[in-house]
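One structure is given here, and the rest of the page talks about it.
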Amino acid sequence: MKNSRPQNVILVGAQWGDEGKGKIIDLLARKSDYIVRYQGGNNAGHTVCFGNEKVILHLIPSGILHPKKICVIGNGVVIDLEALFQEIKMLSEHSISIQGRLFASDRAHIIFPYHRLIDQLREDAKGAKKIGTTKKGIGPCYADKVNRLGIRLIDLMNPRVFRERLKTVLAEKNLMLKRIFNHPPFSFDELFQTYSEYRNRIAPFVRNTSLLLDEAARKRKRILFEGAQGTLLDVDYGTYPYVTSSNASAGGALAGTGMSPARINEVIGVVKAYTTRVGEGPFPTEFPPRLMEHIRKRGEEYGATTGRPRRCGWFDALVARHSVLVNGLSKIVVMKLDVLDQLPALKICTAYRYQGKRYDDFPSDIEVLEKAEPVYEEHPGWQTPTSGIRKWQDLPPNARKYLKRLAALLKAPISIVSVGSERLQTIYIDGRYR
Ligand code: GDP
Ligand code: IMO
Ligand code: MG
(Lines give C-alpha, C1' and ligand atoms only; values in the text may rest on other atoms or scores of the structure.)
(Ligands and ions follow the chains in the order given, each with its own letter.)
Protein backbone atom coordinates (compact mmCIF):
# COMPACT_ATOMS: atom_id res chain seq x y z
CA MET A 1 0.00 0.00 0.00
CA LYS A 2 1.28 3.44 -0.90
CA ASN A 3 2.15 5.51 2.14
CA SER A 4 0.30 8.78 1.68
CA ARG A 5 0.68 12.06 3.50
CA PRO A 6 -1.54 12.42 6.60
CA GLN A 7 -4.66 14.50 5.99
CA ASN A 8 -4.88 16.84 8.98
CA VAL A 9 -1.68 17.69 10.81
CA ILE A 10 -0.88 19.73 13.91
CA LEU A 11 2.62 21.18 14.03
CA VAL A 12 3.87 22.37 17.43
CA GLY A 13 7.02 23.85 18.89
CA ALA A 14 8.54 21.24 21.21
CA GLN A 15 10.86 23.56 23.18
CA TRP A 16 10.53 27.25 24.23
CA GLY A 17 9.42 28.65 20.86
CA ASP A 18 11.41 29.88 17.83
CA GLU A 19 12.26 26.30 16.85
CA GLY A 20 11.83 27.15 13.15
CA LYS A 21 8.11 26.40 12.82
CA GLY A 22 7.68 29.10 10.14
CA LYS A 23 10.12 27.41 7.76
CA ILE A 24 8.47 23.98 8.17
CA ILE A 25 4.91 25.31 7.91
CA ASP A 26 5.92 27.05 4.68
CA LEU A 27 7.26 23.73 3.32
CA LEU A 28 4.30 21.61 4.45
CA ALA A 29 1.86 24.27 3.19
CA ARG A 30 2.73 23.34 -0.41
CA LYS A 31 0.68 20.17 -0.04
CA SER A 32 -1.96 21.52 2.34
CA ASP A 33 -5.18 23.35 1.47
CA TYR A 34 -5.83 25.22 4.70
CA ILE A 35 -3.27 26.60 7.17
CA VAL A 36 -4.68 27.55 10.57
CA ARG A 37 -3.32 29.47 13.56
CA TYR A 38 -5.04 28.32 16.76
CA GLN A 39 -3.55 30.24 19.70
CA GLY A 40 -1.26 33.09 20.70
CA GLY A 41 -1.19 36.34 18.83
CA ASN A 42 1.45 38.69 17.48
CA ASN A 43 3.84 37.61 20.22
CA ALA A 44 4.80 34.97 17.64
CA GLY A 45 7.39 35.64 14.95
CA HIS A 46 7.59 32.97 12.26
CA THR A 47 10.34 33.45 9.68
CA VAL A 48 10.17 32.21 6.11
CA CYS A 49 13.15 32.71 3.76
CA PHE A 50 12.85 32.24 0.02
CA GLY A 51 15.27 33.46 -2.65
CA ASN A 52 16.57 36.78 -1.38
CA GLU A 53 13.42 37.50 0.55
CA LYS A 54 12.65 37.07 4.21
CA VAL A 55 9.17 37.43 5.65
CA ILE A 56 8.32 37.36 9.36
CA LEU A 57 4.71 36.50 10.13
CA HIS A 58 3.22 37.33 13.51
CA LEU A 59 -0.51 36.67 13.14
CA ILE A 60 -1.22 35.44 9.63
CA PRO A 61 -0.47 31.74 9.04
CA SER A 62 2.88 31.09 7.37
CA GLY A 63 1.12 29.32 4.47
CA ILE A 64 0.03 32.70 3.10
CA LEU A 65 3.15 32.91 0.90
CA HIS A 66 1.73 30.14 -1.30
CA PRO A 67 -0.93 31.51 -3.64
CA LYS A 68 -4.37 29.87 -3.43
CA LYS A 69 -3.85 28.42 0.08
CA ILE A 70 -6.57 29.38 2.52
CA CYS A 71 -5.36 30.85 5.80
CA VAL A 72 -7.46 30.91 8.94
CA ILE A 73 -6.96 32.71 12.24
CA GLY A 74 -8.90 30.55 14.70
CA ASN A 75 -11.05 31.48 17.69
CA GLY A 76 -8.20 30.66 20.11
CA VAL A 77 -5.99 33.45 18.71
CA VAL A 78 -6.01 36.94 20.23
CA ILE A 79 -5.98 39.56 17.49
CA ASP A 80 -4.37 42.98 17.61
CA LEU A 81 -6.15 44.62 14.67
CA GLU A 82 -3.47 47.25 14.17
CA ALA A 83 -0.81 44.52 13.97
CA LEU A 84 -2.99 42.57 11.53
CA PHE A 85 -3.47 45.58 9.24
CA GLN A 86 0.29 46.20 9.30
CA GLU A 87 0.97 42.58 8.38
CA ILE A 88 -1.48 42.70 5.47
CA LYS A 89 0.31 45.84 4.26
CA MET A 90 3.73 44.17 4.62
CA LEU A 91 2.49 41.23 2.52
CA SER A 92 1.15 43.51 -0.20
CA GLU A 93 4.59 45.13 -0.34
CA HIS A 94 5.90 41.64 -1.14
CA SER A 95 3.17 41.39 -3.84
CA ILE A 96 1.32 38.74 -1.84
CA SER A 97 -2.43 39.04 -2.12
CA ILE A 98 -4.66 37.85 0.71
CA GLN A 99 -7.88 38.59 -1.15
CA GLY A 100 -10.51 35.90 -0.55
CA ARG A 101 -8.11 33.54 1.26
CA LEU A 102 -7.63 35.01 4.73
CA PHE A 103 -10.33 34.52 7.35
CA ALA A 104 -10.52 35.31 11.07
CA SER A 105 -12.87 33.66 13.52
CA ASP A 106 -15.79 35.78 14.68
CA ARG A 107 -15.16 34.33 18.15
CA ALA A 108 -11.52 35.45 18.35
CA HIS A 109 -10.82 38.04 21.06
CA ILE A 110 -9.41 41.47 20.28
CA ILE A 111 -6.28 42.90 21.88
CA PHE A 112 -7.01 46.55 22.74
CA PRO A 113 -4.48 49.29 23.54
CA TYR A 114 -5.27 48.91 27.26
CA HIS A 115 -4.11 45.27 27.10
CA ARG A 116 -0.75 46.34 25.67
CA LEU A 117 -0.41 49.10 28.25
CA ILE A 118 -1.27 46.84 31.19
CA ASP A 119 1.19 44.18 29.93
CA GLN A 120 3.91 46.81 29.88
CA LEU A 121 3.03 48.45 33.22
CA ARG A 122 2.87 45.05 34.96
CA GLU A 123 6.22 43.95 33.58
CA ASP A 124 7.84 47.27 34.52
CA ALA A 125 6.41 47.08 38.03
CA LYS A 126 7.76 43.56 38.54
CA GLY A 127 11.39 44.63 38.04
CA ALA A 128 13.71 41.63 38.47
CA LYS A 129 10.72 39.30 38.83
CA LYS A 130 9.36 40.10 35.37
CA ILE A 131 8.33 37.32 32.98
CA GLY A 132 10.01 38.98 30.02
CA THR A 133 6.83 39.09 27.93
CA THR A 134 6.74 40.52 24.43
CA LYS A 135 4.54 43.36 25.83
CA LYS A 136 2.00 42.79 23.06
CA GLY A 137 -0.91 42.56 25.51
CA ILE A 138 -1.30 38.79 25.14
CA GLY A 139 -1.63 37.89 28.85
CA PRO A 140 -4.08 40.71 29.73
CA CYS A 141 -6.27 39.85 26.70
CA TYR A 142 -6.49 36.13 27.56
CA ALA A 143 -7.14 37.06 31.20
CA ASP A 144 -10.10 39.20 30.10
CA LYS A 145 -11.38 36.34 27.95
CA VAL A 146 -11.42 33.99 30.92
CA ASN A 147 -12.79 36.73 33.20
CA ARG A 148 -15.64 37.30 30.73
CA LEU A 149 -14.44 40.85 30.14
CA GLY A 150 -13.20 40.25 26.61
CA ILE A 151 -14.48 41.70 23.36
CA ARG A 152 -14.66 39.38 20.35
CA LEU A 153 -14.63 40.24 16.66
CA ILE A 154 -18.33 39.42 16.49
CA ASP A 155 -18.98 41.90 19.32
CA LEU A 156 -17.16 44.58 17.35
CA MET A 157 -19.31 43.78 14.31
CA ASN A 158 -22.45 44.82 16.17
CA PRO A 159 -22.17 48.55 17.06
CA ARG A 160 -24.75 48.33 19.87
CA VAL A 161 -23.11 45.32 21.52
CA PHE A 162 -19.67 46.86 21.05
CA ARG A 163 -20.69 50.16 22.67
CA GLU A 164 -22.15 48.35 25.68
CA ARG A 165 -19.19 45.98 26.11
CA LEU A 166 -16.55 48.68 25.72
CA LYS A 167 -18.34 50.94 28.23
CA THR A 168 -18.41 48.23 30.91
CA VAL A 169 -14.89 46.97 30.30
CA LEU A 170 -13.25 50.37 29.98
CA ALA A 171 -14.78 51.61 33.24
CA GLU A 172 -13.00 48.77 35.04
CA LYS A 173 -9.73 49.20 33.13
CA ASN A 174 -9.59 52.93 33.82
CA LEU A 175 -10.20 52.37 37.52
CA MET A 176 -7.42 49.80 37.58
CA LEU A 177 -5.05 52.09 35.68
CA LYS A 178 -5.70 54.89 38.16
CA ARG A 179 -5.68 52.89 41.41
CA ILE A 180 -2.82 50.48 40.72
CA PHE A 181 -0.61 52.26 38.22
CA ASN A 182 -1.52 55.93 38.72
CA HIS A 183 -1.92 56.13 34.95
CA PRO A 184 -4.29 58.44 33.01
CA PRO A 185 -7.49 56.81 31.64
CA PHE A 186 -8.39 55.87 28.05
CA SER A 187 -11.09 57.97 26.41
CA PHE A 188 -14.17 55.92 25.57
CA ASP A 189 -15.08 58.19 22.66
CA GLU A 190 -11.66 57.94 21.04
CA LEU A 191 -11.45 54.15 21.37
CA PHE A 192 -15.03 53.70 20.18
CA GLN A 193 -14.37 55.91 17.16
CA THR A 194 -11.08 54.21 16.21
CA TYR A 195 -12.50 50.69 16.49
CA SER A 196 -15.66 51.64 14.62
CA GLU A 197 -13.39 52.51 11.70
CA TYR A 198 -11.51 49.21 12.13
CA ARG A 199 -14.89 47.41 11.97
CA ASN A 200 -15.26 48.20 8.29
CA ARG A 201 -11.69 47.14 7.50
CA ILE A 202 -11.88 43.79 9.29
CA ALA A 203 -15.46 42.89 8.33
CA PRO A 204 -14.58 41.17 5.00
CA PHE A 205 -12.35 38.67 6.86
CA VAL A 206 -14.69 37.71 9.70
CA ARG A 207 -16.28 34.26 9.48
CA ASN A 208 -17.61 31.41 11.55
CA THR A 209 -14.34 29.58 10.94
CA SER A 210 -15.34 26.34 12.69
CA LEU A 211 -18.06 25.97 10.04
CA LEU A 212 -15.53 26.83 7.34
CA LEU A 213 -13.08 24.19 8.61
CA ASP A 214 -15.78 21.59 9.09
CA GLU A 215 -16.81 22.06 5.47
CA ALA A 216 -13.17 21.80 4.39
CA ALA A 217 -12.70 18.57 6.37
CA ARG A 218 -15.86 17.08 4.85
CA LYS A 219 -14.46 17.81 1.39
CA ARG A 220 -11.26 15.95 2.40
CA LYS A 221 -9.17 19.11 2.18
CA ARG A 222 -5.80 18.95 3.94
CA ILE A 223 -5.63 21.12 7.04
CA LEU A 224 -2.36 22.15 8.67
CA PHE A 225 -2.52 23.61 12.18
CA GLU A 226 0.30 26.05 12.91
CA GLY A 227 1.28 26.19 16.56
CA ALA A 228 2.84 29.35 17.93
CA GLN A 229 5.28 29.54 20.85
CA GLY A 230 6.27 26.11 22.17
CA THR A 231 5.16 23.40 24.59
CA LEU A 232 7.47 24.68 27.34
CA LEU A 233 5.69 28.06 27.09
CA ASP A 234 2.24 26.43 27.28
CA VAL A 235 0.22 27.82 30.19
CA ASP A 236 -0.48 24.29 31.49
CA TYR A 237 2.60 22.30 30.48
CA GLY A 238 5.31 24.96 30.43
CA THR A 239 7.62 26.37 33.08
CA TYR A 240 4.82 28.25 34.88
CA PRO A 241 4.71 31.19 35.59
CA TYR A 242 7.37 31.82 32.92
CA VAL A 243 5.01 30.90 30.10
CA THR A 244 2.64 32.53 27.65
CA SER A 245 -1.11 32.64 28.36
CA SER A 246 -2.41 30.03 25.90
CA ASN A 247 -2.21 26.30 25.14
CA ALA A 248 0.59 26.17 22.60
CA SER A 249 0.50 22.36 22.72
CA ALA A 250 -1.61 20.15 20.45
CA GLY A 251 -4.71 20.36 22.65
CA GLY A 252 -4.89 24.08 21.86
CA ALA A 253 -5.50 23.28 18.20
CA LEU A 254 -8.85 21.68 19.04
CA ALA A 255 -10.22 24.29 21.46
CA GLY A 256 -8.69 27.06 19.35
CA THR A 257 -10.45 26.09 16.11
CA GLY A 258 -13.44 23.88 16.92
CA MET A 259 -11.89 20.93 15.07
CA SER A 260 -12.76 17.48 16.38
CA PRO A 261 -9.83 15.44 17.78
CA ALA A 262 -11.15 12.52 15.71
CA ARG A 263 -10.10 14.38 12.57
CA ILE A 264 -6.44 14.85 13.52
CA ASN A 265 -4.15 12.33 11.83
CA GLU A 266 -0.72 13.42 13.00
CA VAL A 267 1.08 15.68 15.47
CA ILE A 268 4.57 16.82 14.45
CA GLY A 269 7.01 18.43 16.90
CA VAL A 270 9.73 20.87 15.86
CA VAL A 271 12.98 21.10 17.85
CA LYS A 272 16.25 22.88 17.34
CA ALA A 273 19.33 20.65 17.42
CA TYR A 274 20.13 22.66 20.56
CA THR A 275 17.85 24.78 22.78
CA THR A 276 16.95 28.46 23.01
CA ARG A 277 14.59 30.59 25.06
CA VAL A 278 13.73 34.33 25.07
CA GLY A 279 12.60 36.07 28.22
CA GLU A 280 13.01 35.02 31.83
CA GLY A 281 12.55 31.61 33.44
CA PRO A 282 14.45 28.40 34.19
CA PHE A 283 16.74 26.95 31.53
CA PRO A 284 18.82 24.08 32.99
CA THR A 285 21.11 23.52 29.98
CA GLU A 286 21.91 27.21 29.31
CA PHE A 287 25.42 27.69 27.87
CA PRO A 288 28.30 29.43 29.66
CA PRO A 289 29.13 32.87 28.12
CA ARG A 290 31.68 31.89 25.42
CA LEU A 291 29.65 29.08 23.94
CA MET A 292 26.54 31.30 24.21
CA GLU A 293 28.23 33.96 22.09
CA HIS A 294 29.39 31.43 19.47
CA ILE A 295 25.96 29.80 18.98
CA ARG A 296 24.02 33.07 19.21
CA LYS A 297 26.19 34.48 16.43
CA ARG A 298 26.14 31.39 14.19
CA GLY A 299 22.44 30.76 14.74
CA GLU A 300 21.51 34.46 14.55
CA GLU A 301 19.61 33.95 17.75
CA TYR A 302 17.78 37.25 18.11
CA GLY A 303 14.00 37.38 18.62
CA ALA A 304 11.91 37.67 15.42
CA THR A 305 9.32 39.79 17.29
CA THR A 306 11.25 41.83 19.86
CA GLY A 307 14.85 41.61 18.58
CA ARG A 308 15.99 40.48 22.06
CA PRO A 309 19.03 38.16 22.17
CA ARG A 310 17.88 34.57 22.70
CA ARG A 311 19.42 32.52 25.49
CA CYS A 312 21.04 29.35 24.07
CA GLY A 313 21.94 25.95 25.55
CA TRP A 314 22.53 22.25 24.92
CA PHE A 315 19.78 19.95 23.68
CA ASP A 316 17.66 18.92 26.65
CA ALA A 317 16.10 15.49 26.18
CA LEU A 318 13.84 15.96 29.22
CA VAL A 319 12.29 19.04 27.63
CA ALA A 320 11.75 17.37 24.26
CA ARG A 321 10.48 14.11 25.78
CA HIS A 322 7.98 16.08 27.87
CA SER A 323 6.74 17.53 24.57
CA VAL A 324 6.53 14.12 22.93
CA LEU A 325 4.37 13.04 25.85
CA VAL A 326 1.93 15.95 26.20
CA ASN A 327 1.46 16.37 22.44
CA GLY A 328 1.56 12.71 21.45
CA LEU A 329 4.24 13.53 18.89
CA SER A 330 4.64 10.87 16.25
CA LYS A 331 7.24 12.71 14.16
CA ILE A 332 10.13 15.05 14.98
CA VAL A 333 11.63 17.76 12.79
CA VAL A 334 15.16 18.86 13.78
CA MET A 335 16.19 22.40 12.82
CA LYS A 336 19.46 24.31 12.65
CA LEU A 337 21.80 21.32 12.64
CA ASP A 338 24.26 23.50 10.66
CA VAL A 339 24.66 25.86 13.62
CA LEU A 340 26.54 23.09 15.50
CA ASP A 341 28.94 22.41 12.60
CA GLN A 342 32.06 23.91 14.19
CA LEU A 343 31.83 22.40 17.66
CA PRO A 344 34.49 19.78 18.56
CA ALA A 345 32.12 18.07 21.03
CA LEU A 346 28.40 18.25 21.85
CA LYS A 347 26.43 17.55 24.98
CA ILE A 348 22.92 16.19 25.42
CA CYS A 349 21.16 16.49 28.76
CA THR A 350 19.61 13.15 29.75
CA ALA A 351 18.63 13.80 33.40
CA TYR A 352 18.71 16.46 36.15
CA ARG A 353 20.13 16.20 39.66
CA TYR A 354 18.89 18.22 42.61
CA GLN A 355 19.49 17.65 46.31
CA GLY A 356 20.78 14.13 45.74
CA LYS A 357 17.76 13.11 43.65
CA ARG A 358 17.87 12.19 39.98
CA TYR A 359 15.09 13.37 37.65
CA ASP A 360 14.56 11.44 34.42
CA ASP A 361 11.30 13.23 33.55
CA PHE A 362 10.76 16.96 33.22
CA PRO A 363 9.77 18.24 36.69
CA SER A 364 7.01 20.79 37.34
CA ASP A 365 8.58 22.30 40.50
CA ILE A 366 10.04 25.68 39.51
CA GLU A 367 12.70 25.45 42.26
CA VAL A 368 13.99 22.13 40.94
CA LEU A 369 14.08 23.59 37.41
CA GLU A 370 15.94 26.68 38.55
CA LYS A 371 18.56 24.86 40.60
CA ALA A 372 18.93 21.43 38.98
CA GLU A 373 22.29 20.31 37.60
CA PRO A 374 21.99 18.73 34.15
CA VAL A 375 23.45 15.24 33.65
CA TYR A 376 25.13 15.22 30.24
CA GLU A 377 26.37 12.65 27.80
CA GLU A 378 29.04 13.84 25.40
CA HIS A 379 29.25 13.21 21.66
CA PRO A 380 32.04 14.02 19.19
CA GLY A 381 31.32 16.89 16.79
CA TRP A 382 31.58 16.63 12.99
CA GLN A 383 33.39 19.90 12.25
CA THR A 384 32.28 19.82 8.61
CA PRO A 385 29.81 22.22 6.93
CA THR A 386 26.34 20.66 6.57
CA SER A 387 24.34 23.53 5.03
CA GLY A 388 24.93 22.24 1.48
CA ILE A 389 23.83 18.67 2.26
CA ARG A 390 20.46 17.41 0.95
CA LYS A 391 20.56 13.67 1.73
CA TRP A 392 20.72 11.74 4.98
CA GLN A 393 23.54 9.50 3.67
CA ASP A 394 25.66 12.56 2.88
CA LEU A 395 25.61 13.90 6.44
CA PRO A 396 28.89 13.39 8.34
CA PRO A 397 28.75 10.12 10.37
CA ASN A 398 28.97 11.97 13.70
CA ALA A 399 26.02 14.20 12.72
CA ARG A 400 23.97 11.12 11.87
CA LYS A 401 24.98 9.52 15.20
CA TYR A 402 23.92 12.67 17.07
CA LEU A 403 20.53 12.75 15.32
CA LYS A 404 19.97 9.03 15.87
CA ARG A 405 20.70 9.52 19.55
CA LEU A 406 18.09 12.34 19.72
CA ALA A 407 15.48 10.09 18.08
CA ALA A 408 16.30 7.24 20.48
CA LEU A 409 16.02 9.51 23.53
CA LEU A 410 12.69 10.93 22.31
CA LYS A 411 11.35 7.56 21.17
CA ALA A 412 10.05 9.24 18.02
CA PRO A 413 11.39 9.17 14.46
CA ILE A 414 12.97 12.21 12.80
CA SER A 415 11.24 12.97 9.51
CA ILE A 416 12.97 16.19 8.41
CA VAL A 417 16.36 17.76 9.22
CA SER A 418 16.96 21.43 8.42
CA VAL A 419 20.46 22.69 7.63
CA GLY A 420 19.76 26.33 6.75
CA SER A 421 16.97 28.90 6.69
CA GLU A 422 16.28 28.54 2.94
CA ARG A 423 13.54 26.26 1.63
CA LEU A 424 16.06 24.08 -0.23
CA GLN A 425 18.31 23.58 2.78
CA THR A 426 16.24 20.64 3.92
CA ILE A 427 16.86 16.90 4.26
CA TYR A 428 13.68 14.81 3.92
CA ILE A 429 14.06 11.52 5.72
CA ASP A 430 10.38 10.69 5.38
CA GLY A 431 9.65 11.15 1.67
CA ARG A 432 5.95 11.83 2.28
CA TYR A 433 6.78 15.39 3.35
CA ARG A 434 8.88 16.30 0.32
P1 GDP B 1 9.56 30.06 14.70
O2 GDP B 1 9.05 31.09 15.64
O3 GDP B 1 9.50 28.68 15.29
O4 GDP B 1 8.92 30.11 13.34
O5 GDP B 1 11.10 30.38 14.49
P6 GDP B 1 11.75 31.84 14.21
O7 GDP B 1 11.41 32.29 12.86
O8 GDP B 1 11.41 32.75 15.34
O9 GDP B 1 13.28 31.51 14.39
C10 GDP B 1 13.94 30.57 13.61
C11 GDP B 1 15.13 31.25 12.92
O12 GDP B 1 16.02 30.28 12.44
C13 GDP B 1 14.72 32.08 11.71
O14 GDP B 1 15.58 33.19 11.61
C15 GDP B 1 14.93 31.12 10.54
O16 GDP B 1 15.18 31.78 9.32
C17 GDP B 1 16.15 30.37 11.01
N18 GDP B 1 16.27 28.98 10.56
C19 GDP B 1 15.28 28.07 10.37
N20 GDP B 1 15.80 26.86 10.06
C21 GDP B 1 17.14 27.01 10.06
C22 GDP B 1 18.23 26.11 9.86
O23 GDP B 1 18.07 24.90 9.62
N24 GDP B 1 19.49 26.64 9.95
C25 GDP B 1 19.74 27.94 10.24
N26 GDP B 1 20.99 28.35 10.32
N27 GDP B 1 18.71 28.81 10.44
C28 GDP B 1 17.45 28.36 10.38
P1 IMO C 1 7.07 31.85 18.28
O2 IMO C 1 5.70 31.49 17.80
C3 IMO C 1 9.64 32.47 21.75
C4 IMO C 1 7.78 34.18 25.33
C5 IMO C 1 8.19 35.58 25.79
C6 IMO C 1 8.05 35.39 27.30
C7 IMO C 1 6.81 34.51 27.42
C8 IMO C 1 5.51 35.27 27.68
O9 IMO C 1 7.80 32.80 17.41
O10 IMO C 1 7.85 30.63 18.65
P11 IMO C 1 3.94 36.75 26.12
O12 IMO C 1 4.21 38.02 25.38
O13 IMO C 1 3.49 35.63 25.26
O14 IMO C 1 3.04 36.95 27.32
O15 IMO C 1 5.36 36.33 26.74
O16 IMO C 1 6.69 33.82 26.19
N17 IMO C 1 7.29 34.09 23.94
C18 IMO C 1 7.98 33.52 22.93
N19 IMO C 1 9.24 33.01 22.92
N20 IMO C 1 8.87 32.39 20.65
C21 IMO C 1 7.61 32.88 20.66
O22 IMO C 1 6.76 32.71 19.62
C23 IMO C 1 7.13 33.51 21.83
N24 IMO C 1 5.96 34.11 22.17
C25 IMO C 1 6.07 34.44 23.47
O26 IMO C 1 9.51 35.87 25.41
O27 IMO C 1 9.13 34.68 27.80
MG1 MG D 1 9.62 32.91 16.47
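Checked against (1) within 14 Å of ligand 3 (Cβ to nearest atom); (2) over 24 Å from Asn75 (Cβ atoms); (3) part of a loop (DSSP other than H, G, I, E, B), Lys31 meets all criteria but (1). Checked against (1) part of a helix (DSSP H, G or I); (2) open to solvent by less than 80 Å² (accessible area, probe 1.4 Å), Ala104 passes all but a single condition, namely (1). Screening Ala44 on (1) under 25 Å from Arg310 (Cα atoms); (2) away from ligand 2 (no atom under 12 Å from the Cβ); (3) part of a loop (DSSP other than H, G, I, E, B) shows it passes everything except condition (2).
Per-residue answers, yes or no, for (1) closer than 28 Å to Tyr359 by Cβ; (2) open to solvent by less than 50 Å² (accessible area, probe 1.4 Å):
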| site | (1), (2) |
| --- | --- |
| Thr239 | yes, yes |
| Ala255 | no, no |
| Met259 | no, yes |
| Val267 | yes, yes |
| Val278 | yes, yes |
| Phe283 | yes, yes |
| Pro289 | yes, no |
| Thr305 | no, yes |
| Gly313 | yes, yes |
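Pick from segment 154-195 the residues that are among the polar types (S, T, N, Q) and farther than 17 Å from Ile111 by Cβ: which of them is least open to solvent (accessible area, probe 1.4 Å)?
Taking segment 154-195 as the starting set, the residues that turn out to be among the polar types (S, T, N, Q) are 158, 168, 174, 182, 187, 193-194.
Subsequent filtering for residues that are farther than 17 Å from Ile111 by Cβ retains 158, 168, 174, 182, 187, 193.
Details: Asn158: 51, Thr168: 82, Asn174: 32, Asn182: 137, Ser187: 47, Gln193: 104 Å².
Here the residue is Asn174.
Hey, does segment 47-54 have a residue that's open to solvent by 10 Å² or more (accessible area, probe 1.4 Å), in a strand (DSSP E or B), under 26 Å from Arg308 (Cα atoms) and away from ligand 3 (no atom under 16 Å from the Cβ)? Yes, that holds for at least one residue. Considering each residue of segment 176-190 in turn, at least one proves to be touching a residue at least 40 places away in the same chain (Cβ under 8 Å), under 22 Å from Leu84 (Cβ atoms) and outside any helix (DSSP H, G or I). Candidates are the residues of segment 127-169 that are more than 16 Å from ligand 2 (Cβ to nearest atom) and of a type in the set (Lys, Arg); the one that is farthest from the chain's Cα centre (by Cα) is Arg160. Among what's in segment 291-303 and is surrounded by fewer than 20 Cβ atoms within 10 Å (Cβ to Cβ) and in a helix (DSSP H, G or I), pick the residue that is nearest to ligand 3 (Cβ to nearest atom). Filtering first and then ranking leaves Arg296.
Is it fair to say Tyr376 is hydroxyl-bearing (Ser, Thr, Tyr), touching a Ser or Thr at 6+ places or on another chain (Cβ under 9 Å) and over 19 Å from Gln229 (Cα atoms)?
So Tyr376 passes the test.
Taken over segment 55-75, the criterion of being open to solvent by 10 Å² or more (accessible area, probe 1.4 Å) and part of a loop (DSSP other than H, G, I, E, B) is satisfied by His58, His66, Pro67, Lys68, Lys69, Asn75.
Taking Lys89 as the residue in question, decide whether it is open to solvent by 10 Å² or more (accessible area, probe 1.4 Å), within 16 Å of ligand 2 (Cβ to nearest atom) and of a type in the set (Lys, Arg). So Lys89 does not fit the description; no. Against the numbered list (1) under 30 Å from Val243 (Cα atoms); (2) surrounded by fewer than 15 Cβ atoms within 10 Å (Cβ to Cβ), Ile414 comes up short only at (2).
The values are calculated or read from the model by the stated rules, or taken from the named source; none is laboratory data. Being a predicted model, the structure only gives us computed values, none of them experimental. Reconstructed Cβ throughout: ideal geometry from the backbone, glycine too, with neighbour counts over all protein chains shown. Side chains included, ligands, DNA and RNA excluded: accessible areas come from the protein's heavy atoms. Shrake-Rupley method; radii C 1.70, N 1.55, O 1.52, S 1.80 Å.
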